[in-house]
Amino acid sequence: MKLLFFPFLHYNRAELRQRLAGKTVLLTGASYGIGEALAEALAPTQAHLLLVARTEAKLREVQQRVEAQGGVATVLPCNLAQRDQVQALAAQLAAWPNGIDLVVNNAGHSIRRSIFASLERMHDFERTMELNYYAPVQLLLALIPGLVARQGQIINISAINVLLLPPPHWAAYQASKTAFDQWLRCVGPELQRRGVKTSSIYLPLVRTRMILPTKAYRHMPAMQPHQVAALICRAIIAQRRTYTPWWILPAQLAALLLREPWEAWLGRRR
Ligand SMILES: NC(=O)c1ccc[n+]([C@@H]2O[C@H](COP(=O)([O-])OP(=O)(O)OC[C@H]3O[C@@H](n4cnc5c(N)ncnc54)[C@H](OP(=O)(O)O)[C@@H]3O)[C@@H](O)[C@H]2O)c1
């Protein structure tokens, strides 16, 4: 059943190596979960991986595993929820020798909290916007000229709920993921005209540290980080605009037709 909903997607390793030969890849959120799995999947390509996250010790572990596979990685610790740190990182990356060819915007943080438990917590809405929206915007504003010069690619790790019905308790996360998704969709065609490809990957549940606090998710079917890494490798090769699970269309149709009864039912639940 799990394999039906989340089949393993193979990719051509030789094509990936060819695509990334001599390239530099910025990977945010490389210390855990999807980012960690992607760093390992990209290691054999010998692309230069720039690994960004807060936990430097964990990034160094990932770097060692990349290097053990013959890859090349540089660790760039940064708290992407801090505007001054993002600004310093953006300046460093804009001046990176030989430039950056591929940006994988993957760092993210989710918060599940009722609005009634959030009344004194404006900072929840600020920190999700800082990390999930302003940080990638600020980095890309600095990197777009280089990406145009190198005919590069931007891959955004988005969430499937951005395309479906927003669930209660996820206002901070959902709004911030939707904000960046909309931003990239707006600038995508302009970038494409200048030779920069953009890809949005809409993920269902993925079994990572992020979903651990939500009890209800423990027994729900979920993708594994290495499956998502394979999906991102396919996106690097094929450079399509969007990647969604095969069942997105029926799910979107249901979201369109059932919005009113669904929201009415949620409003009556205790
Ligand atoms: N898991 C899911 O079900 C799911 C579903 C849809 C979409 N996604 C998206 O997938 C992406 C990766 O999430 P994941 O599931 O792999 O979660 P994860 O295992 O918690 O990894 C999140 C990554 O983001 C980094 N990060 C968090 N806060 C940061 C900050 N302030 N500054 C810099 N880096 C920060 C973390 O590193 P440090 O803690 O070391 O900073 C870590 O490397 C996210 O964008 C998420 O929205 C996940």
(Q) How compact is region 47-129 by the rule of thumb for globular proteins, expressed as Cα Rg over 2.2 N^0.38 Å? (A) 1.37
Q) Where does region 115-270 land on the Kirkwood hydrodynamic radius, alpha-carbon pairs, in angstrom? A) 17.5
Q: For S114 and L258, compute 0.36 nm times the residue count separating them, minus their Cα-Cα distance, and round to one decimal in nm.
A: 49.6 nm
Q) Among A254, A135, A179, which one moves the most in a GNM of the chain with springs linking Cα atoms closer than 10 Å? A) A254
Q | Relative compactness, region 182-270, computed as alpha-carbon Rg over 2.2 N^0.38 Å | A | 1.40
Q. Give me the Kirkwood hydrodynamic radius of region 224-270 in Å, from all C-alpha pairs, to one decimal place?
A. 13.4
Q. What's the tally of Lys pairs in the chain whose alpha-carbon atoms lie under 24 angstrom apart, where the two lysines are 8 or more places apart or on different chains?
A. 5
**Q.** Dipole magnitude (debye, nearest 20) for the chain, charges at Cβ of Lys, Arg, Asp, Glu
**A.** 600
Q.
Run the paramagnetic zone check for A14: 7 angstrom along Cα to Cβ, then residues of region 32-60 with backbone nitrogen under 18 Å.
A. 44-46
Q: Over the chain, calculate the relative contact order: mean separation of alpha carbon pairs under 8 Å at least 6 apart, over the residue count, as a percent.
A: 21
Q | Cα-only radius of gyration and Dmax that characterise region 64-200, units Å | A | 16.5, 51
(Q) Cut-off 10 angstrom, C-alpha nodes, Gaussian network model of the chain. Which of S176, S114, S200 fluctuates the most? (A) S114
Q.
Using 10 Å bins from zero, what percent of all Cα-Cα pairs in the chain falls into each bin?
A. 6, 29, 38, 20, 6, 1
Q.
With unit charges on the beta carbons (Lys and Arg positive, Asp and Glu negative) and the dipole taken about the Cα centre of region 80-124, which residue among V104, L89, I115 sits farthest to the positive side?
A. I115
Q.
What distance in nm separates the two pseudo spin-label positions at L141 and R65, each 7 Å out from Cα along the beta-carbon direction?
A. 3.5
Q) So how much slack lies between Q151 and N98, counting 0.36 nm per residue of separation and subtracting their Cα-Cα distance, in nm? A) 17.8 nm
Q) Given +1 on the Cβ of Lys and Arg, -1 on the Cβ of Asp and Glu, and no further charges, what dipole in debye does region 1-71 carry about its Cα centre, rounded to the nearest 20? A) 120
Q: Would you please calculate the Kirkwood hydrodynamic radius of region 85-131 over all C-alpha pairs and express it in Å, rounded to one decimal?
A: 13.5
Q: With runs of 4+ DSSP H residues as the only contributors, calculate the mean residue ellipticity of the chain at 222 nm using -39,500 (n - 2.57) per run, divided by the residue total and rounded to the nearest 500.
A: -15000 deg cm²/dmol
Q | R0 of 45 Å, Cβ-Cβ distance E126-A251: FRET efficiency to nearest 0.05 | A | 0.90
Q: Name the residue, out of R13, R259, R207, whose mean-square fluctuation peaks in a Gaussian network model built on the chain with Cα pairs under 10 Å.
A: R259
Q. Put +1 on the Cβ of every Lys and Arg and -1 on every Asp and Glu Cβ in region 204-270; which of A235, M223, I248 then has its Cα farthest towards the positive end of the dipole?
A. M223
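Just so you know, all these numbers are worked out from the coordinates, no wet-lab data involved. This structure is a prediction, so every number in the text was calculated from the model and none was measured. Here the Cβ is made from the backbone with ideal geometry for all residues, glycine too, and neighbour counts use every protein chain on show.
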